[in-house]
């Protein structure tokens with residue numbers, strides 16, 4: 001098992017930092033999957049702890065100038081690591097304006113992801129190296145099956161999301177009032193966020209959002225455009241997802257499977273993020 | 001939002017109170033200044049809206065929003081009163097965010113049908129509409145402090161910045177704030193008696209911060225600091241404050257607040273004195 005990679009371009013470095021900051025906001029611990037082409041940040045929560053799952057994918061060649069890896073075996077050419085997401089984002093914080101950044105899989109008494117940052121000192125031509133050893137757990141081959149790319153269920157309604165900033169401030173206020181939220185949408189470009197308690201009902205209506213075209217044999221074809229598909233979810237999970245979004249996505253879609261799950265599908269430049277929040281039972 | 005407007009117009013007749021604002025912050029800011037208890041009583045008359053919050057039967061805060069502040073203010077009865085959860089009302093009013101984003105305003109339309117009905121709020125920002133239905137209760141009797149201007153003994157009007165500084169430096173380990181007003185030195189004195197000793201802060205009568213100083217007789221009164229503390233919310237927003245005491249030692253603090261459109265609103269705090277000051 002081997003992994004070493006290098007970033008020299010400042011834009012790529014900032015991009016990678018943004019991604020890791022987002023992951024740190026979305027998941028406390030996550031799995032990093034390294035394969036020859038791609039990096040994935042994976043979260044697959046147990047149902048008891050909320051059942052949220054996340055699949056974030058980026059092409060290694062868009063970030064790294066050098067990338068070498070050797071998986072557990074030739075036919076299973078991948079590495080799965082578990083790490084505390086904040087450790088990675090904290091390590092990258094020192095890498096702002098760095099000349100170069102290297103990431104390496106090491107074994108220093110315990111297995112580590114070693115991040116070394118080469119800093120350029122403004123006053124002289126000399127440089128400093130800052131090294132972070134992030135403790136990791138290597139996930140054995142037999143557990144990989146729990147960490148597969150989640151299949152996207154056939155959704156009842158698929159809709160483009162409104163400005164995430166507006167959504168976030170609305171959900172933030174709603175969280176003060178209720179623990180549960182209903183997210184509902186139809187094929188007429190309308191999405192509602194609703195809370196209901198003994199004291200108050202609040203509904204925020206978004207409209208003219210547009211619906212992505214669906215594959216022809218999809219269930220939704222027979223759906224009345226005004227019909228709402230709804231899911232009751234834990235409001236904190238939704239807020240956590242929204243709070244993690246620092247950059248405006250190039251594409252943001254919400255897929256609703258009635259009373260089962262809501263699936264957010266975001267494209268942030270060349271990084272894709274999928275986030276699943278299950279329905280409350 | 002043509003659909004919403006149309007529906008609202010159809011239903012307009014059934015409401016005894018309809019009020020609209022182009023900028024919801026002109027209401028929410030003033031309400032925040034009296035938000036030290038969960039519940040508030042609302043009184044509407046043709047002059048506008050008064051919202052009252054009380055604590056411990058010792059302190060009362062009133063926020064006045066005159067009818068002119070609203071773009072539309074329709075009332076079909078002599079007066080309309082109800083009790084509401086202020087915390088929830090404020091969360092709803094600031095649903096699109098608490099801090100203002102330049103160039104965007106949240107518009108509000110507020111409707112009330114009468115006893116037993118919820119307060120309806122329609123908020124709109126950038127084409128997104130939020131509808132809130134907040135349950136109301138029958139109003140409880142509010143305290144009458146019987147604070148009558150003919151009984152006012154002493155009155156000082158000063159610029160809020162002068163008091164802001166003083167309040168931010170008050171020794172909070174003191175139980176009370178003692179206010180001394182006298183025609184001679186020290187004129188206007190704020191005192192605290194805390195763990196680390198006593199502190200006195202004097203304002204000379206001719207200070208630039210003091211706009212008016214009327215003193216009929218020397219008064220020394222103590223007020224529970226914990227009861228006065230919430231008034232700093234109003235103080236922070238205000239430009240001027242009028243401090244008055246009556247012959248019983250009751251305190252009235254009137255804050256003049258200028259909203260984002262330059263209109264004036266008032267927030268008033270009444271507080272009863274803590275105890276008789278021992279003769280010295």
Does at least one position in the range A:142-162 carry a residue that is within 14 Å of chain B (Cβ to nearest Cβ) and part of a loop (DSSP other than H, G, I, E, B)?
yes
Restricting attention to strands (runs of 3 or more DSSP E) lying wholly within the range A:63-111, give those where 1 or more residues are touching a helix residue (DSSP H, G or I) at 6+ places or on another chain (Cβ under 8 Å), modelled with pLDDT under 95 and not assigned by the TED database to the domain that holds residue A:32.
none
Residue list for the range B:71-88, restricted to those being at the interface with chain A (Cβ under 9 Å from one of its Cβ atoms) and in contact with a helix residue (DSSP H, G or I) (Cβ under 7 Å, 6 or more places away or on another chain)
B:88
Between a first residue in the range B:156-175 that is without any contact (Cβ under 8 Å) to a residue 40 or more places away in the chain and a second residue that is part of a strand (DSSP E or B), which pairs have beta carbons less than 6 Å apart while being 6 or more apart in sequence or on different chains?
B:166/B:190; B:166/B:201; B:171/B:192; B:171/B:194; B:171/B:199; B:173/B:194
So residue A:196 fits all but one of (1) within 12 Å of another protein chain (Cβ to nearest Cβ); (2) at pLDDT below 95; (3) surrounded by fewer than 17 Cβ atoms within 10 Å (Cβ to Cβ); what number is the exception?
(2)
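So that you can scan it fast, the table gives a plain yes or no per residue for (1) in contact with a helix residue (DSSP H, G or I) (Cβ under 9 Å, 6 or more places away or on another chain); (2) crowded, with 16+ Cβ neighbours inside 10 Å; (3) in a loop (DSSP other than H, G, I, E, B); (4) facing chain A (nearest Cβ under 8 Å):
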{"site": "B:91", "(1), (2), (3), (4)": "yes, yes, no, yes"}
{"site": "B:97", "(1), (2), (3), (4)": "yes, yes, yes, yes"}
{"site": "B:101", "(1), (2), (3), (4)": "yes, no, yes, no"}
{"site": "B:111", "(1), (2), (3), (4)": "yes, yes, no, no"}
{"site": "B:116", "(1), (2), (3), (4)": "no, no, yes, no"}
{"site": "B:122", "(1), (2), (3), (4)": "yes, yes, no, no"}
{"site": "B:130", "(1), (2), (3), (4)": "yes, yes, no, yes"}
{"site": "B:133", "(1), (2), (3), (4)": "no, yes, no, yes"}
{"site": "B:139", "(1), (2), (3), (4)": "no, yes, yes, no"}
Has the range B:50-59 got any residue that is modelled with pLDDT of 95 or more and closer than 27 Å to residue B:129 by Cα?
yes
Looking at the range A:139-158, is at least one residue free of Cβ contacts under 8 Å to residues at least 60 places away in the same chain, touching a helix residue (DSSP H, G or I) at 6+ places or on another chain (Cβ under 9 Å) and surrounded by 18 or more Cβ atoms within 10 Å (Cβ to Cβ)?
no
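The values are calculated or read from the model by the stated rules, or taken from the named source; none is laboratory data. None of the values given here were measured: they were computed from a predicted structure. No Cβ is skipped: glycine too gets one built from the backbone with ideal geometry, and neighbour counts run over all protein chains shown.
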